[in-house]
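In what follows, a structure is listed as structure tokens, so that the remarks can point back to it.
The values are calculated or read from the model by the stated rules, or taken from the named source; none is laboratory data. What you see is a predicted model; the values in this text were computed from it and never measured. All Cβ positions, even for glycine, are placed from backbone atoms using ideal geometry, and neighbour counts span all protein chains on display.
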């Protein structure tokens, strides 16, 4: 009996990548960006010059794998990144990308994550599992396998599909199964493209402006509309799924998109939203936005959730991701606000008091205590100004804390 999921990724390794492009660019993103995972899984205090063992479960053609392995290699120290995927074709692409970069810290394995204990047993300090669990026949069983392999002091970065942003996907998948179930992958693809061109204006998929993956290439088209097995999650469903494995969500990425105050302006509505628990707020934000096609989260063993996310402390150093401090300070000073665009929405935030002064001091070297001293403020007074800036910049996923 063949495995339709394996057959898909053998025919159309996902995502489509050309290894030669590694000479020109490094694809980055969430989760598994080293400063980001340090902030949200290790309290900003993980020393990556010390031994670190990671697993990329369902590594596909290697985006998360190459990203993580490259940053670990640059940090020095002894590291091992284990790649596991059921597709030999996808592994071949990932191996070629690693070879172009000269990465020596990766160990490749082929197989299902359900067989992890036999193929590449833990423990792991960190596990990346993106776009995989929602394709398993029993997602809780898959997450339980990963939890078993995770160090008690470790963390995971997960990505699963979001229900509301994928409106229209599942009725169209069902329609395509009715019409193409007896065809090989290439035949399914041809007929699916024909159907897509003939969809009536009233079709929910056609009316969803946030779904564009199918326009990127055949692998992306097949993964979105012809996948033999996938499901999506709302925030409450995801939280329950994670909790069932003895894990807890420490962060949603990007945090501001899971904050209802990003969408609510009326004072009475904001007051009511602020009374909700953190997870209830995230669920409300998802319902208000309606654009979230995926959920990227960091999760940790429930016993250490209170230590997972970095909190402002005198000895920690704030670091900006891809934003020059001077340019950020000038924007905050001149405009009095910060606008950030995501793939499917644009959010605008008012600048907190003294935000421009604080932003100008974030050079990746100064500790928070040193920044306060530079402004002539004691720690508590500085913290009163810094916290709103911290919430703003971490909310748009542009600032992380790390140990000096």
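A few comments on the model shown:
- Selected residue (only one of 209, 255 is in the same structural domain as residue 140 (by TED's automatic domain parsing) and out of contact with any strand residue (DSSP E or B) (no Cβ under 9 Å at 6 or more places or on another chain)): 255
- Listed by position, the helices (runs of 4 or more DSSP H) contained in the stretch 137-240 that have at least 1 residues being modelled with pLDDT of 95 or more and more than 22 Å from residue 6 (Cα to Cα) are 139-149, 169-180, 185-198, 204-207.
- The conditions of being buried (at least 23 other Cβ atoms within 10 Å of the Cβ) and at pLDDT below 95 are met by residue 12.
- Residue in the stretch 345-354 that is part of a loop (DSSP other than H, G, I, E, B) and modelled with pLDDT under 95 present: yes
- Single unsatisfied condition, residue 335 versus (1) without any contact (Cβ under 8 Å) to a residue 24 or more places away in the chain; (2) in contact with a helix residue (DSSP H, G or I) (Cβ under 9 Å, 6 or more places away or on another chain); (3) outside the structural domain of residue 252 (by TED's automatic domain parsing): (2)
- Qualifying positions in the stretch 50-67 - in contact with a helix residue (DSSP H, G or I) (Cβ under 7 Å, 6 or more places away or on another chain) and either at pLDDT below 95 or assigned to a helix (DSSP H, G or I) (or both): 65, 66
- Cβ pairs under 6 Å, 6+ apart, first in the stretch 263-276 and assigned by TED's automatic domain parsing to the domain that holds residue 395 and modelled with pLDDT of 95 or more, second assigned to a loop (DSSP other than H, G, I, E, B) and surrounded by fewer than 13 Cβ atoms within 10 Å (Cβ to Cβ): none
- With respect to the conditions (1) touching a helix residue (DSSP H, G or I) at 6+ places or on another chain (Cβ under 7 Å); (2) assigned to a helix (DSSP H, G or I), residue 26 lacks only one, and its number is (2).
- Within the stretch 283-305, the residues that satisfy the criterion of being within 15 Å of residue 233 (Cα to Cα) and either touching a strand residue (DSSP E or B) at 6+ places or on another chain (Cβ under 6 Å) or outside any helix (DSSP H, G or I) (or both) are 290, 291, 292, 293, 294, 295, 296, 297.
- Qualifying positions in the stretch 60-91 - surrounded by fewer than 18 Cβ atoms within 10 Å (Cβ to Cβ), out of contact with any strand residue (DSSP E or B) (no Cβ under 9 Å at 6 or more places or on another chain) and either without any contact (Cβ under 8 Å) to a residue 60 or more places away in the chain or outside the structural domain of residue 35 (by TED's automatic domain parsing) (or both): 74, 76
- Matching option when the condition is in contact with a strand residue (DSSP E or B) (Cβ under 8 Å, 6 or more places away or on another chain), at pLDDT 95 or above and surrounded by fewer than 17 Cβ atoms within 10 Å (Cβ to Cβ), among 315, 363, 381: 315
- Counting only residues that are part of a strand (DSSP E or B) and under 22 Å from residue 156 (Cα atoms), the stretch 306-322 holds 1 of them.
- Search result, residues across the stretch 15-49 that are surrounded by fewer than 17 Cβ atoms within 10 Å (Cβ to Cβ) and over 15 Å from residue 61 (Cα atoms): 23, 24, 25, 45, 47, 49
- Criterion (at pLDDT 95 or above, surrounded by 13 or more Cβ atoms within 10 Å (Cβ to Cβ) and within 25 Å of residue 340 (Cβ to Cβ)) met by exactly one of 285, 245: 285
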